[in-house]
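The structure appears right after this line, and notes come after that.
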Amino acid sequence: MNFAVLQFPASNCDQDAVHVLQHLGHDARLLWHKEPSLGTVDAVIVPGGFSYGDYLRTGAIARFSPVMQALRRFADNGGFVLGICNGFQILCEAHLLPGALVRNRSLQFCCETVYLKSATADSPFTNKIPADKWLRVPIAHGEGCYFADDETLAKLRARGQILWQYCDESGALTDAANPNGSLLNIAGVCNERRNVAGLMPHPERASEGILGSEDGRLIFESLIETLSHSTAAAVA
């Protein structure tokens with residue numbers, strides 16, 4: 001599979017995403033934010049970091065980068081997109097995902113390891129995650145509190161668009177396990193077509209044993225599994 005990993009001024013997890021995808025045996029290349037085209041790709045990763053220094057608010061300037069027009073066309077045509085941390089914020093600012101990411105309830109930067117429960121098992125981004133598996137992955141953000149109005153939250157629940165929720169070690173969705181005050185303990189969501197997803201935790205930082213957890217690779221493997229089936233169907 002061919003992946004493009006977008007690169008904005010002050011992206012800092014782009015190389016990590018490329019490394020994980022290549023470690024899993026796939027092609028991945030960095031794509032600078034001024035590029036008007038994605039080229040030939042099977043999926044796009046919008047990585048974490050502090051695009052444009054988080055001026056105005058997280059993701060607010062990055063949404064206007066030239067590459068985002070190409071990304072929107074790609075997503076509108078059914079292409080798969082995964083946003084991680086700042087990438088999630090950018091996708092929400094660009095209205096490719098519902099809701100918004102606002103300041104953590106503590107008003108402090110959170111940097112810790114959390115547990116994630118998959119709320120939807122059959123999505124393109126969760127299909128390889130066992131039902132009883134809580135992912136142990138790190139977070140590092142100051143604006144990771146997921147917010148949406150009641151109508152949007154109801155639609156997300158009804159349509160299975162909530163992909164991951166913060167939980168404790170036993171899988172319980174407790175307030176203590178919620179690091180930033182996200183509504184419904186939401187850590188990640190997808191769009192209605194289920195081809196665009198975003199999450200605040202960093203799966204690329206938990207994809208090798210040397211990092212203390214390999215749980216994050218299950219998210220990438222889920223996407224790769226989906227792309228494999230899509231390619232096979234296209235060939236057939």
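Read-outs throughout are calculated quantities, based only on the coordinates presented, and are distinct from any laboratory measurement. If you're wondering where the values come from, they're calculated on a predicted model, not measured in any experiment. Ideal geometry is used to build each Cβ from the backbone, glycine not excepted, and the neighbour counts take in all protein chains shown.
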Going highest first, how would you order 54-61, 84-91, 36-43 by mean Cβ packing within 10 Å? 84-91, 54-61, 36-43
About its Cα centre, how strong a charge dipole does the stretch 99-236 have in debye, to the nearest 20, once Lys and Arg get +1 and Asp and Glu get -1 at the Cβ? 220 debye
For the stretch 58-73, Karplus couplings with θ = phi - 60° (6.51, -1.76, 1.60), whole Hz, Gly/Pro x: 4, x, 5, 8, 4, 4, 9, 4, x, 5, 5, 5, 5, 5, 4, 4
Rounded, prolate or oblate (a/c below 1.5 giving rounded, otherwise prolate when a/b exceeds b/c) for the stretch 89-236 by Cα gyration tensor: oblate
Within 10 Å of each residue's Cβ, count the other Cβ atoms and sort Tyr52, Tyr166 from fewest upward. Tyr52, Tyr166
Most exposed first by the Cβ proxy, i.e. fewest other Cβ within 10 Å, how do Lys34, Lys128 rank? Lys34, Lys128
Separation of the Ala10 and Arg29 label points, Cα + 7 Å toward Cβ, nm: 2.8 nm
Taking the number of other C-beta atoms within 10 Å as the exposure measure, put Trp164, Trp32, Trp134 in order starting with the fewest. Trp32, Trp134, Trp164
Among Ser222, Val137, Gly83, which residue has its Cα furthest toward the positive end of the charge dipole of the chain, with +1 on Lys/Arg Cβ and -1 on Asp/Glu Cβ? Gly83
Phi-derived 3J(HN,Hα) across the stretch 162-169 with the Karplus relation (6.51, -1.76, 1.60, θ = phi - 60°), rounded Hz, x for Gly and Pro, is 7, 9, 9, 10, 5, 9, 8, 4
Assign unit charges at the C-beta atoms only (+1 for Lys and Arg, -1 for Asp and Glu), then state the dipole size of the chain relative to its Cα centre in Debye, rounded to the nearest 20. 440 debye
If each part is reduced to its alpha-carbon centroid, the stretch 1-68 and the stretch 172-232 end up apart, in Å, by 17 Å
Would you calculate the volume per residue, in Å³, of the smallest convex hull containing every Cα atom of the stretch 21-111? 115 Å³
Once you have a ≥ b ≥ c as the square roots of the Cα gyration tensor eigenvalues for the stretch 1-73, tell me rounded if a/c is under 1.5, and otherwise prolate or oblate according to whether a/b is larger than b/c. oblate
Restricting the count to DSSP beta bridges whose residues both fall in the stretch 11-144, what percent are antiparallel, rounded to a multiple of 5? 65 percent
Highest GNM mean-square fluctuation, the chain, Cα pairs closer than 10 Å: which of His202, His23, His33? His23
